[in-house]
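Everything on this sheet refers to the single structure shown next.
The values are calculated or read from the model by the stated rules, or taken from the named source; none is laboratory data. Please read these numbers as outputs of a predicted model, since none were measured by experiment. All Cβ positions, glycine included, derive from the backbone under ideal geometry; neighbour counts span all protein chains shown.
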């Protein structure tokens, strides 16, 4: 984390941006949202038919990792930065009604929208809580798997996030995620720009540093792949991607 990053401003920027994602279907962002994005990333259209349309419309993920997550019936899953619930509902179709999915997000509008969609659509085993991924409001060893999509890069305390994931996972539990990383060190001008952090760019760690944080927290990284089908849409974001190798990856890891 940069010493000159205003973390309080960052939190305000992120909440503001994803509040807009929750309530607007036609606003323009640095990133793509919606159904076309989900299908291009690799989500199964047959499973998406069971996911509430409003959750899909507000989807702002950066990759597909469910093939790596290998979720099974009866498992308990935690979704970090669950937004309007797209990935949580998709995960619920994998764990079936014998399992459960819990989402956690710091944006009240996203949590309210996701809980309303769960109730309206009959997802009785999916719940959403307001909270911070750096300080998860759950007991130790509560989950079989943790998932996350395009969220951890938004945190200024990534080491703490992975430590918390390790804490709430059962022994042998899995972490599967998609996120934004960089090939080269980002300059301070980008790393201290709260707007570019909120756009999933300013907080991008170099790939080796990112996996190093995961391993230091007590995980073995099993697989990592680049999501070449993901791209940013604004010129500002695209330029940063081209110059510093900012890109989307998916990975899975197992708790030691």
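Overview of values
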| item | result |
| --- | --- |
| Only one of 215, 139, 163 that is surrounded by fewer than 22 Cβ atoms within 10 Å (Cβ to Cβ), touching a helix residue (DSSP H, G or I) at 6+ places or on another chain (Cβ under 8 Å) and outside any strand (DSSP E or B) | 139 |
| Identity of the residue in region 182-212, part of a helix (DSSP H, G or I) and free of Cβ contacts under 8 Å to residues at least 12 places away in the same chain, that ends up nearest to residue 228 (Cα to Cα) | 208 |
| Failed item, numbered, when residue 40 is tested on (1) at pLDDT 90 or above; (2) over 16 Å from the mean Cα position of the chain (by Cα); (3) assigned to a helix (DSSP H, G or I); (4) closer than 20 Å to residue 117 by Cβ | (4) |
| Contacts under 6 angstrom Cβ, first residue in region 62-78 being without any contact (Cβ under 8 Å) to a residue 12 or more places away in the chain, partner part of a strand (DSSP E or B) and surrounded by fewer than 20 Cβ atoms within 10 Å (Cβ to Cβ), 6 or more apart | none |
| Matching residues, region 218-242, being in a helix (DSSP H, G or I) and free of Cβ contacts under 8 Å to residues at least 40 places away in the same chain | 235, 238, 239, 242 |
| Any hit, region 64-72, residues being surrounded by 18 or more Cβ atoms within 10 Å (Cβ to Cβ), out of contact with any strand residue (DSSP E or B) (no Cβ under 9 Å at 6 or more places or on another chain) and either at pLDDT 85 or above or within 24 Å of residue 127 (Cβ to Cβ) (or both) | no |
| Some residue of region 82-93 being at pLDDT 95 or above, outside any strand (DSSP E or B), touching a helix residue (DSSP H, G or I) at 6+ places or on another chain (Cβ under 7 Å) and surrounded by fewer than 22 Cβ atoms within 10 Å (Cβ to Cβ) | yes |
| Positions within region 70-90 being under 22 Å from residue 33 (Cα atoms) and over 13 Å from the mean Cα position of the chain (by Cα), in sequence order | 89, 90 |
| Failed item, numbered, when residue 131 is tested on (1) surrounded by fewer than 16 Cβ atoms within 10 Å (Cβ to Cβ); (2) farther than 20 Å from residue 253 by Cα; (3) within 16 Å of the chain's Cα centre (by Cα) | (1) |
